[in-house]
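Here's the structure, in structure tokens; my notes come after.
The values are calculated or read from the model by the stated rules, or taken from the named source; none is laboratory data. This one's a predicted model, so the numbers in the text were calculated from it and none came from an experiment. When we count neighbours, we look across all protein chains shown, and the Cβ atoms used for this are built from the backbone with ideal geometry, even at glycine. These area figures cover heavy atoms from the full protein model, side chains too; ligands, DNA and RNA do not enter into them. Shrake-Rupley method; radii C 1.70, N 1.55, O 1.52, S 1.80 Å.
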Amino acid sequence: MTALDLLDLDPSLSEEERQIRDVVRQLVDDRVRPHVAEWYEEGRVPARELAREFGKLGLLGMHLTGYGCAGASAVAYGLACQELEAGDSGLRSLVSVQGSLAMYAIWRYGSEEQKQRWLPAMATGEAIGCFGLTEPDHGSDPASMTTRARRDGDDWVLTGAKMWITNAPIADVAVIWARTDEGVSGFAVPMDTPGVTAREIGRKMSLRASVTGEIVLDDVRLPGDAQLPEAVGLKAPLSCLTEARYGIVWGSLGAARDCLETTLAYATSRTQFGRPLAGFQLTQAKLADMAVELVKGQLLALHLGRLADGGRLRPEQVSVGKLNNVREALAIARQCRTILGANGVSGEYPVMRHANNLESVLTYEGTSEIHQLVVGQRLTGLSAFA
Ligand SMILES: Cc1cc2nc3c(=O)[nH]c(=O)nc-3n(C[C@H](O)[C@H](O)[C@H](O)COP(=O)(O)OP(=O)(O)OC[C@H]3O[C@@H](n4cnc5c(N)ncnc54)[C@H](O)[C@@H]3O)c2cc1C
């Protein structure tokens, strides 16, 4: 491991966990690093091709069991997220949305028929999924959603719009959350159903190597069995978010680590005032503080992973991890940028790309403020937001 493993965390991982991490790191080195700056600049990414490659390695729905999924531990899944996001947050988003949001929703709440239909194809990357919870007017407050599903004979008819949906323009199936007379319910919606349109959201200054879209549902008629039978109420989509947030706890640190590795190499090789930047005390203070935050975040992620593997991880603990690790990763990326000087704003280096990506990561899957409120509720017993 690198100098950044200040606490010797490596031996705390099992042989299998280290192997999975190293395989994903190699994939990122071979298939992502040589191209990602260009994908980012052009705002285009070969998502389908990458999904198939990720599928071959068992990275899609990797922590799920059966239906072609790898059944890996939560820690192994977290390590994979860390390596993917060291490449780019957009690629970790592709894997998170596919595995932790769309596949998990079907795996946890779907009928046997829905699982057989979608999960094996999603595990190989042949089918792409997305997860539609956010709406144009309802983000942090999904309980106010206005997308509606009404019964018409045996069928369901869905009307509404979902906004900021990762993978929507390339998806084969969308898990759509809608209000019914009985409360919030989930639906597996094939994207080629008449009345479904997905428009790509352009001009993003963040997560440019990820496809994001708006889904409009215009009287979309679905058979009765499109409903996810086990998903009752808002706690169903929220449980999916807990899965994805867990991946972000690890993933965000991958982006931070990549920034710090880049910056260490830069600061030791660039000379000003007759000595390397890394030889100045102010630079060392920055580097030390960032490395300390990185290993603290990794310890936290590993602890949460072990709790998850023991079946004891609670949602507010995931909020602690997402709040801290994304906030610190973003602070690290911004601080690294200062050490690179003018080169810090150049696409020749990954630092500004990671920093820009982390702005989205700070916002999606519950903003920092929402996670503060979740932790605040746990501390005080008072809900300040519901
Ligand atoms: C690139 C990208 C990809 C995304 N992918 C998906 C996806 O695949 N599926 C999906 O469903 N959604 C997705 N989202 C949407 C994301 O989850 C929402 O943007 C997020 O939940 C915040 O909602 P909002 O943008 O509507 O902000 P708002 O809810 O309008 O919040 C705006 C600001 O107000 C603050 N705020 C809101 N309520 C409170 C409160 N009670 N107290 C204090 N502060 C508050 C927020 O923290 C935030 O700072 C994605 C977003 C992005 C940027």
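Looking at the structure I just gave you, is Glu16 assigned to a helix (DSSP H, G or I), at pLDDT 95 or above and under 21 Å from Gly310 (Cα atoms)?
Working: assigned to a helix (DSSP H, G or I): yes; at pLDDT 95 or above: yes; under 21 Å from Gly310 (Cα atoms): yes.
Considered against the rule, which asks whether it is assigned to a helix (DSSP H, G or I), at pLDDT 95 or above and under 21 Å from Gly310 (Cα atoms), Glu16 comes out as yes.
Of the residues Leu382, Leu330, Leu340, the single one that is under 20 Å from the mean Cα position of the chain (by Cα) and either hydrophobic (A, V, I, L, M, F, W, C) or within 27 Å of Gln284 (Cα to Cα) (or both) is Leu330. Residue pairs whose Cβ atoms lie under 6 Å apart, separated by 6 or more positions or on different chains, with the first residue in segment 280-304 and of a type in the set (Ser, Thr, Tyr) and the second surrounded by 19 or more Cβ atoms within 10 Å (Cβ to Cβ), are Thr283/Ala267; Thr283/Leu277. Pairing each residue of segment 154-172 that is basic (Lys, Arg) with any residue that is open to solvent by less than 20 Å² (accessible area, probe 1.4 Å), provided the two are 6+ apart or on different chains, yields C-beta distances under 7 Å for Lys162/Gly132; Lys162/Glu135; Lys162/Thr147; Lys162/Ile176; Lys162/Ile215. Residues considered: Gly71, Gly87, Gly61. Of these, the only one that is open to solvent by 10 Å² or more (accessible area, probe 1.4 Å) and among the small types (Gly, Ala, Ser) is Gly71. Put simply, of Arg44, Arg31 the only residue that is open to solvent by 40 Å² or more (accessible area, probe 1.4 Å), charged (D, E, K, R) and part of a helix (DSSP H, G or I) is Arg31.
Remark: pairs (first residue in segment 47-74, assigned to a loop (DSSP other than H, G, I, E, B); second residue modelled with pLDDT of 95 or more and among the acidic types (Asp, Glu); Cβ separation under 6 Å; 6+ apart in sequence or on different chains) = Ser73/Asp309. In the condition set (1) open to solvent by 50 Å² or more (accessible area, probe 1.4 Å); (2) assigned to a strand (DSSP E or B), Val184 is compliant with all but (1).
Note on segment 187-200: among residues that are away from the ligand (no atom under 16 Å from the Cβ) and over 24 Å from the mean Cα position of the chain (by Cα), the one that is most open to solvent (accessible area, probe 1.4 Å) is Asp192.
Scanning segment 249-263 finds one or more residues that are within 30 Å of Asn343 (Cα to Cα) and open to solvent by 20 Å² or more (accessible area, probe 1.4 Å).
Conditions (1) out of contact with any Cys (no Cβ under 6 Å at 6 or more places or on another chain); (2) modelled with pLDDT of 95 or more; (3) not hydroxyl-bearing (Ser, Thr, Tyr), marked per residue:
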| site | (1), (2), (3) |
| --- | --- |
| Cys336 | no, yes, yes |
| Pro350 | yes, yes, yes |
| Asn357 | yes, yes, yes |
| Val361 | yes, yes, yes |
| Ser368 | yes, yes, no |
| Val375 | yes, yes, yes |
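Quick check on Arg203: is it within 14 Å of the ligand (Cβ to nearest atom), at pLDDT 95 or above and on the phi > 0 side of the Ramachandran plot? Yes; evaluated as a whole, the condition is true for this residue.
For segment 214-247, name all the residues that are outside any helix (DSSP H, G or I), open to solvent by 10 Å² or more (accessible area, probe 1.4 Å) and at negative phi.
Scanning segment 214-247 gives Glu214, Val216, Asp218, Arg221, Pro223, Gln227, Pro229, Glu230, Val232, Leu234.
Close Cβ contacts (under 6 Å, 6 or more residues apart or on different chains) running from residues in segment 354-369 that are surrounded by fewer than 24 Cβ atoms within 10 Å (Cβ to Cβ) to residues that are assigned to a helix (DSSP H, G or I) and modelled with pLDDT under 95 are absent. Residues that are more than 10 Å from the ligand (Cβ to nearest atom) and out of contact with any strand residue (DSSP E or B) (no Cβ under 7 Å at 6 or more places or on another chain) within segment 126-166 comprise Glu126, Ile128, Ala143, Arg151, Asp152, Gly153, Asp154, listed in sequence order. Out of Ala123, Ala143, Ala161, one residue alone is open to solvent by less than 10 Å² (accessible area, probe 1.4 Å) and of a type outside the set (D, E, K, R). It is Ala123. Of all the criteria given as (1) touching a Leu at 6+ places or on another chain (Cβ under 9 Å); (2) assigned to a strand (DSSP E or B); (3) away from the ligand (no atom under 16 Å from the Cβ), the one not satisfied by Trp250 is (2).
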